[in-house]
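Report on the following structure.
The values are calculated or read from the model by the stated rules, or taken from the named source; none is laboratory data. Just so it is clear, the structure is predicted and the values come from calculations on it, not from any experiment. Cβ sites come from the backbone with ideal geometry, for glycine too, and all protein chains shown count toward neighbours.
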Amino acid sequence: MNAPIEAPSYNPTEIEAAARAYWAERDAYRVSEDASKPHFYACSMLPYPSGKLHMGHVRNYTINDMLARQLRMKGYNVLMPMGWDAFGLPAENAAMKGKVPPAQWTYSNIAHMKGQMQAMGLAIDWSREVATCQPSYYKWNQWLFLKMLEAGIAERRTQVVNWDPVDQTVLANEQVIDGRGWRSGALVEKREIPGYYLKITQYAEELLSAVANPEDPNYLSGWPERVRLMQENWIGKSQGVRFAFPHSIEGGGGRLWVFTTRADTIMGVTFCAVAPEHPLATIAAKDKPEVAAFIEECKAGGTTEAELATQDKKGVPTGLFVTHPLTGAQVPVWVGNYVLMSYGDGAVMGVPAHDERDFAFAKKYGIEIKPVVAVDGETFTTDAWAEWYGDKTRGVCVNSGALDGLGHKAAVDKVAELLGAQGLGEKKTTWRLRDWGISRQRYWGTPIPIIHCDDCGVVPVPEKDLPVVLPEDCIPDGSGNPLNKRADFLNVACPQCGKPARRETDTMDTFVDSSWYFMRYCDPTNDQAMVGAGTKYWMPMNQYIGGIEHAILHLLYARFWTKVMRDLKLVDVSEPFEKLLTQGMVLKGAFFHKPEGGGKDYYWDHEIDVIHDDKGGIVGATLKKDGTRLEYEMTTMSKSKNNGVDPQALIDQYGADTARLFVMFASPPEQTLEWNDAAVEGAHRFLKRVWNFGVRNAAAIKTGGSDFGALNGDGKALRREVHNVLKQVSYDYERMQYNTVVSGAMKLLNALEGFKAEGQAAAVRDGFSVLLRVLYPATPHIAHQLWQDLGFAAEHGDLLDAPWPTVDEAALVQDEIELMLQVNGKLRGAVKVPASADKAAIEAAALATEEFAKFSEGKAPKKVVIVPGRLVNVVV
């Protein structure tokens, strides 16, 4: 190979190309199951093939790469795979825009992004690459779905969806904008249509325990507390009382059921609210046009709890009344747009005095607000909501008859007793978690393996006929699922009776694809089974790395999917990910103007002139074309804000090692990273210094040897500094604090550059070999090249598998120490003494210094104070 160490300057393009060719020729990253080594599975969340990597990708994968490379040097068998979350709506949108099949767009993007990853020098075992849109992968989505059907974990039932009446298609929530279809502009309707659900609620208790109970043997102690709490809240176990408001409304069933965790406030009920789909709402709509109109309006609203939480709370009175089960009072029934029929019984009791949402609703519509909980020292007023109104830990019941004076728990128990005696209620545990609806009325996804027969009904596709292959040449045009127009896909013989039948055209939610891909990496070419021996060897994953935006649904579904596979005897693990790191976002300054119509117009750096304050800070900018004054903000990188940095452009200008070094040095992995062009240039300058040091000292490094016994004081001091830094850096690698790892590398280079002693090449060789190994996981190309060219490979082998440097404890022992010298408490210099010097020897050395002679002015010492290892103070 070339030996560019002779080159006068650092050329990352040549160095990185040569290093990648070297690794590719040796297939250096291919991993197999090796029982002779400890193994470690480190994996980044697989990307969606959108077309180009962004800096968030660069940061995520470099974190993973540093972990994998350093552990390999420590003797581990390390798996670092990569794949593509390739199905989904963005491909369909791009296909409509470009009039090309989603498959063509997707595979082209995969090829481009894979090339970018390879240019980064990532230690990925590409022999394990998967793309979720490949039949060899999604065959097993279909296979496990059928197994879930057999086990009763999957079932078919109706679901409420967003329906675009013009495009004749179901829309995802994000495709509904202000109640209208994103493409057609038509008012979106809510419709109930059949679909498939996976019973994740059967696993709710187990899913909750592993994030909430430290005594659970599967407790996820290696996860951030923040993520565990997010999962716990999403699962949402609530203990309360389910009870009924009796009524005599014709056709209404005689009882309106609700669930509450605040049964202690039952005497404060002043209304009940039902979902627009509730039977009582339907009854009221027959006689009240305003109720019917409101229900129609609600059909254009959201279908998820998250959407309802943010939308304006609206309602209409139905004119119907139910009876309070304890007081006998008549309670008005309202229809509320914030009540979901799919949650609980589709109805809630309204206690405005002690629920913030009910308070706002009652204030808006003039409903009575009746306080029934009092807290000492606090005064209730309906002027504005106060936090203590909803605090169940401090108050006691008032205005509540038999409940007066009781605290929360005692009052709940009493209410349950009173209602139970009437047969109107009981204590109950409920869950926020709902079963997972996986049916999507879209084309680019895993076909659901079901056949519809007029005679036999719903028929599962036989296993021998899997996979049901998705045609890859369809081009969506916005007029519904194109599979409905594909006779070659639709028309099929019924597997049971042989008569003409029709395939299911719904496809699976793409969360299905990402719920088990990490297991397929372990057995990527197994065409006989979903998983096999590889999964038994590698799982559970030791370290998972990804963004906090996936902290709930992806991780929850992956955990559920793993438990299903366990129960079906496919895997032996209950939790897929031992440790989780959620890396911070990459931020960069953005320049914008607020037009009169609202919103923000963003501009690229090349369109502006930046304005700085007296200290060099950015305060704004002006547009070059017309001088318009722009505002400045630090925000996430994105195309929409015209502040993204193209990783490829950065690599072309500075090299991949510079990009990697900057994103690791700028911030701890779990914190946000603020982009700084000057710091990028600083990272590049540092690598040039590393290169130049190797060039200047090549002869000494090549011939330095390892005879440390012949080193004098300066040589020993250098080794002591090197091994002190190595000790800290090794610790920082263990805790994945890669920013301080880079700081350590900088300290090492500073120490080496500051060492001027001649004839002590062994210290330089040792120090530079440690520096290259410390740097290698972050900047593998330059470290590899210098390692090869300076002769270290002949001694230790390829840097890829060179042993991680061990701290030489002997090098840390100091023959001599330096103490600060004070005279009458004022710093006057320093004194060097043997490390083993006793008190008398230190005193004698201090009194013999020129500094003492000068500043004592001939006076005899009265007292000598010694602070071991730090200073000596002579009092005269």
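Observations on the structure shown:
- Within segment 36-64, the set of residues being of a type in the set (Lys, Arg) and in a loop (DSSP other than H, G, I, E, B) comprises 37, 52.
- Considered as a group, the residues in segment 321-342 that are under 35 Å from the mean Cα position of the chain (by Cα) and surrounded by 17 or more Cβ atoms within 10 Å (Cβ to Cβ) include one that is farthest from residue 279 (Cα to Cα), and that residue is 338.
- Residue in segment 816-832 that is of a type in the set (D, E, K, R), buried (at least 18 other Cβ atoms within 10 Å of the Cβ) and not assigned by TED's automatic domain parsing to the domain that holds residue 66 present: yes
- Long-range neighbours under 7 Å by Cβ, at least six apart or interchain, first residue within 10 Å of residue 666 (Cα to Cα) within segment 737-751, second charged (D, E, K, R) and assigned to a helix (DSSP H, G or I): 740/732
- Of all residues in segment 371-387, those satisfying the criterion of being under 18 Å from residue 405 (Cβ atoms) and either among the hydrophobic types (A, V, I, L, M, F, W, C) or in contact (Cβ under 8 Å) with a residue 40 or more places away in the chain (or both) are 371, 372, 373, 374, 375, 380.
- Residue within segment 254-262 that is under 34 Å from the mean Cα position of the chain (by Cα), more than 30 Å from residue 577 (Cα to Cα) and of a type in the set (A, V, I, L, M, F, W, C) present: yes
- Residue match in segment 780-788 (condition: farther than 29 Å from residue 666 by Cβ, at pLDDT 95 or above and touching a Lys or Arg at 6+ places or on another chain (Cβ under 7 Å)): no
- Whichever residue in segment 272-295 is over 22 Å from residue 358 (Cβ atoms) and touching a strand residue (DSSP E or B) at 6+ places or on another chain (Cβ under 9 Å) and, among such residues, is surrounded by the most Cβ atoms within 10 Å (Cβ to Cβ): 285
- Any hit, segment 486-501, residues being among the β-branched types (Val, Ile, Thr), surrounded by 15 or more Cβ atoms within 10 Å (Cβ to Cβ), at pLDDT below 95 and not assigned by TED's automatic domain parsing to the domain that holds residue 563: no
For every residue, the table says whether it meets (1) surrounded by fewer than 18 Cβ atoms within 10 Å (Cβ to Cβ); (2) in contact with a Gly (Cβ under 6 Å, 6 or more places away or on another chain); (3) part of a helix (DSSP H, G or I).
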residue: 81; (1), (2), (3): no, no, no
residue: 103; (1), (2), (3): no, no, yes
residue: 136; (1), (2), (3): yes, no, yes
residue: 143; (1), (2), (3): yes, no, yes
residue: 150; (1), (2), (3): yes, no, yes
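- Some residue of segment 315-330 being of a type outside the set (Phe, Trp, Tyr) and at pLDDT below 85: no
- A Cβ distance below 8 Å, combined with a sequence gap of six or more or placement on separate chains, defines the contacts here; from segment 798-814, residues that are loosely packed, with under 11 Cβ neighbours inside 10 Å reach residues that are part of a loop (DSSP other than H, G, I, E, B) in the pairs 813/835.
- Just one residue in the set 61, 48 is surrounded by fewer than 22 Cβ atoms within 10 Å (Cβ to Cβ), of a type in the set (Ser, Thr, Tyr) and in the same structural domain as residue 105 (by TED's automatic domain parsing); that residue is 48.
- Check on residue 357, buried (at least 16 other Cβ atoms within 10 Å of the Cβ) and among the charged types (D, E, K, R): yes
- In segment 67-116, the qualifying residues are those that are over 24 Å from the mean Cα position of the chain (by Cα) and among the hydroxyl-bearing types (Ser, Thr, Tyr), and the one that is nearest to residue 554 (Cα to Cα) is 107.
- Residues that are within 30 Å of residue 837 (Cβ to Cβ) and either among the hydroxyl-bearing types (Ser, Thr, Tyr) or in contact with an Asp or Glu (Cβ under 9 Å, 6 or more places away or on another chain) (or both) are absent from segment 776-785 altogether.
- Listed by position, the strands (runs of 3 or more DSSP E) enclosed by segment 416-473 include none that has at least 3 residues that are assigned by TED's automatic domain parsing to the domain that holds residue 242, of a type in the set (A, V, I, L, M) and within 37 Å of the chain's Cα centre (by Cα).
- Residue match in segment 566-576 (condition: of a type in the set (Ser, Thr, Tyr), assigned by TED's automatic domain parsing to the domain that holds residue 44 and either free of Cβ contacts under 8 Å to residues at least 12 places away in the same chain or crowded, with 19+ Cβ neighbours inside 10 Å (or both)): no
- Enumeration of residues in segment 725-736 that are over 19 Å from residue 673 (Cβ atoms) and either free of Cβ contacts under 8 Å to residues at least 60 places away in the same chain or part of a loop (DSSP other than H, G, I, E, B) (or both): 725, 728, 729, 731, 734
- The combined condition, being closer than 28 Å to residue 348 by Cα, surrounded by fewer than 15 Cβ atoms within 10 Å (Cβ to Cβ) and in contact (Cβ under 8 Å) with a residue 24 or more places away in the chain, is fulfilled by residue 194.
- Segment 566-680 holds strands (runs of 3 or more DSSP E) entirely within its bounds, and those carrying 2 or more residues that are out of contact with any Pro (no Cβ under 7 Å at 6 or more places or on another chain) map to 586-593, 601-603, 608-612, 618-623, 629-636.
- Residue count for segment 437-461, restricted to those that are of a type outside the set (A, V, I, L, M) and under 26 Å from residue 92 (Cα atoms): 12.
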